[in-house]
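**Q** Mind having a look at this structure? Questions to follow.
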Amino acid sequence: MTDLSIPPLFLADNLALDFINTEYGVGDQRQDALTSGHCVEHWLAQAGVLPEPSSHPLPEGLLPDALALRNCSRAVVMAAMQGVEADVAVVNQVLEAGRPVSTLVWEATAKAFRISAQSSGNSSASLLWPVAEALVNLVTSDTFAFVRQCEAQDCILLFHDVSKSHRRRWCSMATCGNRKKVAAFRARKKPE
């Protein structure tokens, strides 16, 4: 039986950051949405990088590979935010081993050629490749400066601020933002 009771959070506006955010909370409130290979497969399907969880056996090592990629991705993002170097070996291994095979195919209905990308196999690297690619695209993009960590003291979530003004402060206005605003309101209304 797979525990899918810890819901993943999709609020970062970036696949790689949402993957990092599968571990959230601090101290006793820490939660991990990736506790089994089936949880990883389910998250990938929810994220839209797998059509749906398959009936095929899961690739061996999917959970440890996913956790290694998540830890490495977090370290890379934090290092990039600080302008320092990080170990990228796990990301590079997933990029190399999981790269889809691209072929040129003729599409008769459109009467045109198109590129068809096929998974390189049923390996953990091929399943995790879209996450690694999203991380590379994020940390090398001009908009990486808008990656932020939630300003709530008890929140470790990261997000890509794609708002027009780039003034987003919280992972979610419905959770951390609302708590901060309520606390500020109560502090202002407190009798002196």
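The values are calculated or read from the model by the stated rules, or taken from the named source; none is laboratory data. Please read these numbers as outputs of a predicted model, since none were measured by experiment. FYI the Cβ positions are ideal-geometry reconstructions off the backbone, even for glycines, and counts take in every protein chain you see.
**Q** With respect to LEU50, determine if the residue is under 30 Å from PHE146 (Cα atoms), in contact with a Ser or Thr (Cβ under 7 Å, 6 or more places away or on another chain) and in a loop (DSSP other than H, G, I, E, B). Spell out the reasoning first.
**A** Details: under 30 Å from PHE146 (Cα atoms): yes; in contact with a Ser or Thr (Cβ under 7 Å, 6 or more places away or on another chain): no; in a loop (DSSP other than H, G, I, E, B): yes.
Criteria not met by LEU50.
**Q** Cβ-Cβ distance below 8 Å, separation of 6 or more or different chains: which pairs start in the range 139-151 with a residue that is closer than 13 Å to ALA79 by Cβ and end on one that is aromatic (Phe, Trp, Tyr) and surrounded by 14 or more Cβ atoms within 10 Å (Cβ to Cβ)?
**A** The qualifying pairs are VAL147/PHE159.
**Q** Right, LEU95: among the hydrophobic types (A, V, I, L, M, F, W, C), part of a helix (DSSP H, G or I) and either in contact (Cβ under 8 Å) with a residue 12 or more places away in the chain or out of contact with any Ser or Thr (no Cβ under 9 Å at 6 or more places or on another chain) (or both) or not? Can you show your working first?
**A** Working: among the hydrophobic types (A, V, I, L, M, F, W, C): yes; part of a helix (DSSP H, G or I): yes; either in contact (Cβ under 8 Å) with a residue 12 or more places away in the chain or out of contact with any Ser or Thr (no Cβ under 9 Å at 6 or more places or on another chain) (or both): yes.
For LEU95, the condition - among the hydrophobic types (A, V, I, L, M, F, W, C), part of a helix (DSSP H, G or I) and either in contact (Cβ under 8 Å) with a residue 12 or more places away in the chain or out of contact with any Ser or Thr (no Cβ under 9 Å at 6 or more places or on another chain) (or both) - is met.
**Q** Could you tell me whether GLU85 is of a type in the set (Asp, Glu), over 21 Å from SER172 (Cα atoms), at pLDDT below 95 and out of contact with any Pro (no Cβ under 7 Å at 6 or more places or on another chain)?
**A** Working: of a type in the set (Asp, Glu): yes; over 21 Å from SER172 (Cα atoms): yes; at pLDDT below 95: no; out of contact with any Pro (no Cβ under 7 Å at 6 or more places or on another chain): yes.
Criteria not met by GLU85.
**Q** Sticking with this structure for a sec: For the range 47-67, does any single residue satisfy the condition of being surrounded by 21 or more Cβ atoms within 10 Å (Cβ to Cβ) and closer than 19 Å to LEU138 by Cα? Explain how you work it out, then say what you get.
**A** Going residue by residue through the range 47-67, those that are surrounded by 21 or more Cβ atoms within 10 Å (Cβ to Cβ) are 62, 65-66.
So of that shortlist, the ones also closer than 19 Å to LEU138 by Cα come out as 66.
Yes, that holds for at least one residue.
**Q** While we're on this one: Suppose we filter GLU133, GLU107, GLU151 for residues that are modelled with pLDDT of 85 or more and farther than 20 Å from ILE20 by Cα; which single one remains? Can you show your working first?
**A** Values: GLU133 fails: farther than 20 Å from ILE20 by Cα; GLU151 fails: farther than 20 Å from ILE20 by Cα.
Checking each option against the conditions leaves just GLU107.
**Q** Report the residue count in the range 137-176 for those that are surrounded by 13 or more Cβ atoms within 10 Å (Cβ to Cβ) and not β-branched (Val, Ile, Thr).
**A** Residues meeting the conditions: 23.
**Q** I've got another one for you. I'm told ARG74 meets every condition in (1) more than 15 Å from the chain's Cα centre (by Cα); (2) modelled with pLDDT of 95 or more; (3) assigned to a helix (DSSP H, G or I) except one. Can you identify the failing condition by its number?
**A** Exception for ARG74: condition (1).
**Q** Another one. Looking at this structure, is LEU63 outside any loop (DSSP other than H, G, I, E, B), touching a helix residue (DSSP H, G or I) at 6+ places or on another chain (Cβ under 9 Å) and within 30 Å of ALA145 (Cβ to Cβ)? Can you show your working first?
**A** On the way: outside any loop (DSSP other than H, G, I, E, B): yes; touching a helix residue (DSSP H, G or I) at 6+ places or on another chain (Cβ under 9 Å): yes; within 30 Å of ALA145 (Cβ to Cβ): no.
For LEU63, the condition - outside any loop (DSSP other than H, G, I, E, B), touching a helix residue (DSSP H, G or I) at 6+ places or on another chain (Cβ under 9 Å) and within 30 Å of ALA145 (Cβ to Cβ) - is not met.
**Q** Something else about it: Collect the residues in the range 152-181 that are in contact (Cβ under 8 Å) with a residue 12 or more places away in the chain and of a type in the set (Lys, Arg), keeping them in residue-number order.
**A** ARG168, ARG169, ARG179, LYS180
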